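Student: For reference, the structure I am asking about is given below.
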There are 2 protein chains.
Amino acid sequence: MVYPKADSVGITRTKYFTIQDRILLESGREFGPLQVAYETYGTLNDKKDNAILLLHALTGDAHAAGYHSEEDKKPGWWDDMVGPGKAFDTNKYFVISSNMLGGCSGTTGPCSINPETGRPYGLDFPVITIEDAVKVQKKLIDFLGVKRLIVAGGSMGGMQALEWSIAHADMVEAVIIIASTSRLTAQGIAFNAVGRNAILSDPDFNNGDYYDKEKQPERGLAIARMVGHITYLCEESMHNKFGRRFQDKDKPNFDFNIDFQVESYLEHQGQVFVDRFDANSYLYITKAVDYFDLAQKHGSLKQAFEKTKARFLVMSFTTDWLFPTSQSKEIVQALIKAGKDVSFCEIESPCGHDAFLLEFETQTKIVKSFLAKGAQGE
Amino acid sequence: MVYPKADSVGITRTKYFTIQDRILLESGREFGPLQVAYETYGTLNDKKDNAILLLHALTGDAHAAGYHSEEDKKPGWWDDMVGPGKAFDTNKYFVISSNMLGGCSGTTGPCSINPETGRPYGLDFPVITIEDAVKVQKKLIDFLGVKRLIVAGGSMGGMQALEWSIAHADMVEAVIIIASTSRLTAQGIAFNAVGRNAILSDPDFNNGDYYDKEKQPERGLAIARMVGHITYLCEESMHNKFGRRFQDKDKPNFDFNIDFQVESYLEHQGQVFVDRFDANSYLYITKAVDYFDLAQKHGSLKQAFEKTKARFLVMSFTTDWLFPTSQSKEIVQALIKAGKDVSFCEIESPCGHDAFLLEFETQTKIVKSFLAKGAQGE
């Protein structure tokens, strides 16, 4: 652990909550019991109305802020945004972060043990949706005693925040959506499909039943991650980071080993990823992302938002081509048509989609100002 | 064969030319003898100066126009552009098209028999460059007796056309470059790297030695092609073609089979591709594309073009994000700085990079006008 600064939440611990009853999934299947991994930072007030629920992106987990031990080198995934005095100010707010249903970081997912068989679910795990994930989060929020909350998330986290604002309109006071969308583009589905294909084609995938095998579908998962990383960056950021520079030399190899820095970066990202993520979870969660489509479900995006009672902050980034500004504007326009209170900001950034995990300074200013406006209004 | 129209070149035949001597490759290796597959349309004039050499893109072949038999259902890859009265008018020009070195459609490549071993080269085939491919084409052009020529190509074909204009400045009268670049972006390299990774990770790849095996690296090659197709289209064209529509139904599968039309399209493209292309060739040719960098080789793009004596026509497409307009403009600006004669046109198209194989009407007008200007000037 880097010596914790005054604005760090310090040492945190992942806790577990068990849902004993079965949940009716969008697919029609019932599923349960299940476990939810979560962390909290700050204190819930007496009125139980100062909570902020953070929703993670594709491969995130419950560990949003702080360190798990003194030896921990890296803090949680949104540490720059969560802590005393930060955007999500733990002096004021009770901040909650949980691992998504279907994930592989403590919440029940395909790598969890199926109590009926005593073996990991694998592909017996039900196909889930963003709506299902929110259903599970709602159980956690009720368990924690929260009465009203703010929901916030980037990328897939933003999808969940949107779903929260509709499914639990009476509880959600404000919604912060960053680099997100109300539905993936055909191109977005295509990239996810390629990633899934790489996993499904890996001979070590073994129809999802690989947990006790000697080999795991690591190459397939690594390739899926490589494709992902191309979409999280943008040409501008790749040009700035790597250009056409060769790796550790100034000449081509003239073979099929790694030649260019950008190849080395992708290879590294793929390798690091297989150590921390489960191939089956990647299948399930990308599928949930593909399925999410508020307009299709509710008739139109405007109709989808008619029930919400929340204030909205929508942010996008100029170089994000995966969840482009045009998609954020679609959300904003539908909210305006539905007569809702919405603030929108497109942030100039060279970082592509990844900007929501990098552009803390600007995000912090905008989020703080948005949250302060709410506090004044109360 | 569809009943040939008056503007078709009709039945054509792929011919073969053998280069007996060895060629010094950019890597420093010598290679040969080798065979070149080529087709010609129209007649070479007495002055031997009415030739147009067409250069194909990544997975093209020598069969640019016409049909191979009465039963042939599909004509050559640029049939709409080549024929009597067409953009490349075979009444006026002697049009030549050859399969690229390293390819798998008749020109020597990794699937060809290595005379030293009596078995296919596989990964013993030397790593080649765009410059090497042009060296081989030059031997063919000399063999055909051509003295002066026009070179034209889209995408990777444009790279070869650029190289022709520099390496054989005295022979090249005009250059037509469509949806191309003088060097791939970092993002472009990244996409190629993912494709190669998919092939290299396929257990049936067997270090490139799979030709006599029961199984071929078909899944890896199919995934590489899927990634490619995402980059050949654009979000606009994917939206128009598929949107978020499900395949043959209006509900999700809730499993990992094909759900969306765009998934079905990619799967189909992958499947069709493995029947006509060789995985090793895909490795070698994408590598050649990655390496091509005129500015790096010549000091600057302006310096690269100083030797050329040709007129240039550069075309790009508004929705091409693989070889975007900005890269065509880089070529144009360098040509202007070098004092060369250059025409530039950005064509409005919703078809992405693939537009050079689709937008015939506009391309034909522009190419005809460009070629007519040259004929007047003579």
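The values are calculated or read from the model by the stated rules, or taken from the named source; none is laboratory data. Since this is a predicted model, take the numbers as computed values, not measurements. Every residue, glycine as well, gets a Cβ built from its backbone with ideal geometry; the counts of neighbours run over all protein chains shown. Just the protein is used for accessible areas: all its heavy atoms, side chains included, with ligands, DNA and RNA removed. Shrake-Rupley method; radii C 1.70, N 1.55, O 1.52, S 1.80 Å.
Student: Can A:SER105 be described as in contact with a strand residue (DSSP E or B) (Cβ under 8 Å, 6 or more places away or on another chain) and in a strand (DSSP E or B)?
Tutor: Values: in contact with a strand residue (DSSP E or B) (Cβ under 8 Å, 6 or more places away or on another chain): yes; in a strand (DSSP E or B): no.
No; evaluated as a whole, the condition is false for this residue.
Student: Quick check, is B:VAL342 within 19 Å of B:VAL172 (Cβ to Cβ) and touching a Phe, Trp or Tyr at 6+ places or on another chain (Cβ under 6 Å)?
Tutor: On the way: within 19 Å of B:VAL172 (Cβ to Cβ): yes; touching a Phe, Trp or Tyr at 6+ places or on another chain (Cβ under 6 Å): yes.
Yes.
Student: Output the number of residues of the range B:240-249 satisfying the condition of being of a type in the set (D, E, K, R), under 17 Å from A:LEU184 (Cα atoms) and either surrounded by fewer than 18 Cβ atoms within 10 Å (Cβ to Cβ) or more than 7 Å from every other protein chain (Cβ to nearest Cβ) (or both). Spell out how you get there, then give the answer.
Tutor: Here is the first cut: in the range B:240-249, the ones of a type in the set (D, E, K, R) are B:241, B:244-245, B:248-249.
Now restrict to residues that are under 17 Å from A:LEU184 (Cα atoms): B:241, B:244-245.
Checking which are either surrounded by fewer than 18 Cβ atoms within 10 Å (Cβ to Cβ) or more than 7 Å from every other protein chain (Cβ to nearest Cβ) (or both) leaves us with B:241, B:245.
So the count comes out to 2.
Student: To continue, here is another question. Which one of B:PRO110, B:PRO75 is within 14 Å of another protein chain (Cβ to nearest Cβ), in a loop (DSSP other than H, G, I, E, B) and of a type outside the set (D, E, K, R)?
Tutor: Details: B:PRO75 fails: within 14 Å of another protein chain (Cβ to nearest Cβ).
Answer to the selection: B:PRO110.
Student: Give the number of residues within the range A:254-295 that are farther than 24 Å from B:ASN192 by Cα, more than 8 Å from chain B (Cβ to nearest Cβ) and either of a type in the set (D, E, K, R) or surrounded by 18 or more Cβ atoms within 10 Å (Cβ to Cβ) (or both).
Tutor: Let us first name the residues in the range A:254-295 that are farther than 24 Å from B:ASN192 by Cα, namely A:275-278, A:280-281, A:284-285, A:287-295.
Going one step further and asking which of them are more than 8 Å from chain B (Cβ to nearest Cβ), we end up with A:275-278, A:280-281, A:284-285, A:288-289, A:292, A:294-295.
Checking the rest, the ones that are also either of a type in the set (D, E, K, R) or surrounded by 18 or more Cβ atoms within 10 Å (Cβ to Cβ) (or both) come to A:275-278, A:280-281, A:284-285, A:288-289, A:292, A:294.
Summing the residues that are farther than 24 Å from B:ASN192 by Cα, more than 8 Å from chain B (Cβ to nearest Cβ) and either of a type in the set (D, E, K, R) or surrounded by 18 or more Cβ atoms within 10 Å (Cβ to Cβ) (or both) in the range A:254-295 gives 12.
Student: Kindly list, by first and then second residue, each pair from a residue in the range B:214-239 that is under 20 Å from A:ALA224 (Cβ atoms) and facing another protein chain (nearest Cβ under 7 Å) to a residue that is charged (D, E, K, R) and surrounded by fewer than 21 Cβ atoms within 10 Å (Cβ to Cβ), limited to pairs with Cβ atoms under 7 Å and residues at least 6 apart or on different chains.
Tutor: none
Student: Among B:ASP354, B:ASP320, which is the only one that is crowded, with 17+ Cβ neighbours inside 10 Å, in the same structural domain as B:ASP132 (by TED's automatic domain parsing), in contact with a Gly (Cβ under 6 Å, 6 or more places away or on another chain) and closer than 29 Å to A:PRO252 by Cβ? Before you say what the answer is, go through the steps one by one.
Tutor: On the way: B:ASP354 fails: in contact with a Gly (Cβ under 6 Å, 6 or more places away or on another chain).
Testing whether each residue is crowded, with 17+ Cβ neighbours inside 10 Å, in the same structural domain as B:ASP132 (by TED's automatic domain parsing), in contact with a Gly (Cβ under 6 Å, 6 or more places away or on another chain) and closer than 29 Å to A:PRO252 by Cβ leaves just B:ASP320.
Student: Kindly list the number of the only condition in (1) under 30 Å from A:ALA375 (Cα atoms); (2) open to solvent by less than 40 Å² (accessible area, probe 1.4 Å); (3) in contact with a strand residue (DSSP E or B) (Cβ under 6 Å, 6 or more places away or on another chain) that fails for A:GLU346.
Tutor: (2)
Student: Given the options B:ALA169, B:ALA179, name the one that is buried (at least 20 other Cβ atoms within 10 Å of the Cβ) and away from chain A (no Cβ under 14 Å). Steps first, please.
Tutor: Numbers: B:ALA169 fails: buried (at least 20 other Cβ atoms within 10 Å of the Cβ).
Result: B:ALA179 is the single residue among B:ALA169, B:ALA179 that is buried (at least 20 other Cβ atoms within 10 Å of the Cβ) and away from chain A (no Cβ under 14 Å).
To keep it simple, each residue is scored yes or no on (1) open to solvent by 20 Å² or more (accessible area, probe 1.4 Å); (2) within 24 Å of B:LEU322 (Cβ to Cβ); (3) in contact with a Pro (Cβ under 9 Å, 6 or more places away or on another chain); (4) in contact (Cβ under 8 Å) with a residue 60 or more places away in the chain.
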position	(1), (2), (3), (4)
B:ASN45	yes, no, no, no
B:LYS48	yes, no, no, yes
B:GLU71	yes, no, no, yes
B:PRO84	yes, no, no, yes
B:ASN99	no, yes, no, yes
B:PRO115	yes, no, yes, yes
B:PRO126	no, no, no, yes
B:LYS138	yes, no, no, no
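Conditions (1) in contact with a helix residue (DSSP H, G or I) (Cβ under 8 Å, 6 or more places away or on another chain); (2) closer than 30 Å to B:GLY122 by Cβ, marked per residue:
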| residue | (1), (2) |
| --- | --- |
| B:ARG276 | no, yes |
| B:SER281 | no, yes |
| B:THR319 | yes, no |
| B:VAL332 | no, no |
| B:LEU335 | yes, no |
| B:GLU348 | no, no |
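Student: So is A:PHE254 under 30 Å from B:LEU283 (Cβ atoms) and not in a helix (DSSP H, G or I) or not?
Tutor: On the way: under 30 Å from B:LEU283 (Cβ atoms): yes; not in a helix (DSSP H, G or I): yes.
The answer is yes for A:PHE254.
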